[in-house]
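Taking it in order: structure first as structure tokens, then the write-up.
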Amino acid sequence: ENSLSWHDRRQRLLWIFMKFACKRFRTQLDSHEEVVRRSDMRQPHEYYPLARRKRRTIIYHAGPTNSGKTYQALQRLKKGSSGLYCGPLRLLALEIYERLNAEGVTCNLLTGQERKDTPNAQHTSSTVEMAQITKNYAVAVIDEIQMLADNERGHAWTRALLGIAADEIHVCGDHSVIGVVQKLCKLTGDLFSVQEYTRLSALEVEQNALLKYDNLQPGDCIVAFTRKDIYSIKKWIEFNNLKQKCCVVYGSLPPEARSQQARLFNDPTSPYHLLVASDAIGMGLNLNIRRIIFHTLEKFDGHGRKKLAPQQVKQIAGRAGRAHSEWKSGYVTCLLEEDMDYLRKSMESEIQESISCGIFPNFEQIDFYAQKMPDCKLSVLLERFMETARLDGLYFMCNCRDMKRSANVLDMFPKLTLEQRFLLCTAPITHVDTKVVQYFRNWVDGFCKGEVVPMQIKLPRHTPQTDLELQELESLNRAIDLYLWLGFRFGDIFVDYSKALLVKEEACTMIAEGLEIISGIGVSTIYEKKVPKKTNEAFSSIVDRMRRPSSSSPKNQKSVV
């Protein structure tokens, strides 16, 4: 023994200790090994046995906006004996549902808040989160496939791509995730091919910045990133030029109201020839835009103001100049000259390829963790899983910030089962909207008591007359959406589902009417300091006010998406 080196003695002691530990703590070690095994997420394709029984054909339709890629995929979907469309937005799911039925292809609608069954329908249009993985299809279409790499929602696209049991799957998007999809197909044994598309109309960066909004022309779309800026721009334009009327589109606007605004803007006989919008126009709406004008190229990301990524700039700019519209060519520019250099560089940049796709644990995995750590809250279980999950370079774990926020809200309801908590944490809640969070608490409280839970939302008696009233109505509409989500899943408890659909329709009508009314309201108070007509100095001061961050803390700076 004395002849052994220090290193050999240390190794022997370690071996003796391991032998002792394996015998003394056998149960705990076995439990730990099982935890590690259950948190191994390097083979998520194995979670979908129905899809793995097929050798599917995956066709990647790759191209920029306005290249016809989704159109071609939908043509194949219509010819299939059965089919599934998966889109990123309720707005898109509804549009495809209506289009297919209008063209004689009977189709159902399935979103997180609503289901519409059409007699004898073999096709379904759904949001990607609602993609059905327990049915066989002849053809499926997954739109905006580049969302695989999205830090918040990417797991839904990964689930759809790996889990949909269709003989033929058409995925549509830009070139950024071709490599990722190809690697996934190698793992699943599916056939893979790419169809390339080029833009159907020209897109040109204008030589100069706009400088002032006096120079607007029909078909122009001004892109801003806060609700405040959107309405300030709209009011300034309509106040200074009575012949110009603006539609607005932003993320917190209900899909139905967005569609109504898009119809107004697209209708050449309407007086609404201009559009002020957020980056919500980047997907989901067909708009007859002649020119995109960036009010700014910076957006608040929750921490500070940052430049848009080049791909975001290209995605938004690509909405100008639709084929088959009155604008055969599209143009893009900025309000200020200082932004033009970054715009040109972004438009000339190559697409940055993604190397991984998002995934997220299912309830069974979290439930297993809960059995091993029975005293942990759901938010802690989620954190622990994220910390111990085994991944390889092809996958990343999506952000669960909103789920943890919802889990913290639900901590005050001990009667909820873990499965109920997990499901309720996926409800569509905007946590910065305190009214919606309070409705959520009240409704869950009734759910825990086993009571029938009515909606109990009353709309205002009159159409919104001011921005504030419109914002409050939008908040109520989000609460109605939440109730519809709950009623869709717990219909025996949230019994006002049908009523909620009618109230939502009324709310959307009021919002649409309010958008028209508030155009001319409040302008005199906003600009009561007699602004000189159309002088550069006056315009600059207004632009500065619109673009300057408020003096409030960053937590109050909100971007609309």
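Observations on the model:
- Shape class of segment 213-285 from the alpha-carbon gyration tensor: oblate, with a/c at 1.5 or above and b/c at least as large as a/b.
- Gyration tensor (alpha-carbon) shape descriptor, segment 70-134, a/c threshold 1.5: rounded
- Largest accessible area first, the residues Met130, Met18, Met403 order themselves as Met18, Met130, Met403 under a 1.4 Å probe with ligands, DNA and RNA left out.
- For the chain, a simple Cβ point-charge model (Lys and Arg +1, Asp and Glu -1, everything else neutral) yields a dipole of about 840 debye relative to the Cα centre.
- Here the Kirkwood formula, the inverse mean of 1/r across different C-alpha pairs, assigns segment 213-349 a hydrodynamic radius of 15.0 Å.
- A probe of 1.4 angstrom, applied to the heavy atoms of all protein chains, finds Tyr48 with accessible area near 40 square angstrom.
- Lys504 contributes an accessible area of around 10 Å² to the protein surface, as traced by a 1.4 Å probe with all chains present.
- Solvent exposure of the chain amounts to 49 Å² per residue of accessible area, where only protein heavy atoms count and the probe is 1.4 Å.
- Across the chain, the relative contact order, built from alpha-carbon pairs under 8 Å that are at least six residues apart, equals 16 percent.
- For the chain, share of DSSP beta bridges that run antiparallel, in % to the nearest 5: 10
- For segment 58-105, a crude dipole built from +1 on the beta carbon of Lys and Arg and -1 on the beta carbon of Asp and Glu, taken about the Cα centre, is about 140 debye to the nearest 20.
- Mean projection area, nm², convex hull over Cα of the chain: 32.7
- Coordinate range along principal axes, alpha carbons of segment 1-143, Å, largest first: 89, 33, 28
- Accessible-area order (highest first, 1.4 angstrom probe) of the listed residues Lys19, Lys404: Lys19, Lys404
- Segment 366-449: C-alpha gyration tensor shape, a/c 1.5 cut-off, then a/b vs b/c: oblate
- Signed unit charges on C-beta, dipole axis of the chain, positive-most listed residue Leu92, Cys107, Cys357: Cys357
- Cα centroids of segment 376-402 and segment 261-318: 34 Å apart.
- Accessible area in the full protein assembly, largest first, 1.4 Å probe, for Met147, Met386, Met455: Met386, Met147, Met455
- Under the convention that each Lys and Arg Cβ holds +1 and each Asp and Glu Cβ holds -1, the size of the dipole of segment 140-244 around its Cα centre is about 440 debye.
- Accessible area per residue was computed with a 1.4 Å probe on protein heavy atoms; Phe360 scores about 40 Å².
The values are calculated or read from the model by the stated rules, or taken from the named source; none is laboratory data. The shown structure was predicted, so the numbers you read here are calculated from the model rather than taken from an experiment. Virtual Cβ from ideal backbone geometry, glycine too; neighbours counted across all protein chains shown. When the accessible area is computed, the model is the full protein with side chains, heavy atoms only, and any ligands, DNA or RNA have been set aside. Shrake-Rupley method; radii C 1.70, N 1.55, O 1.52, S 1.80 Å.
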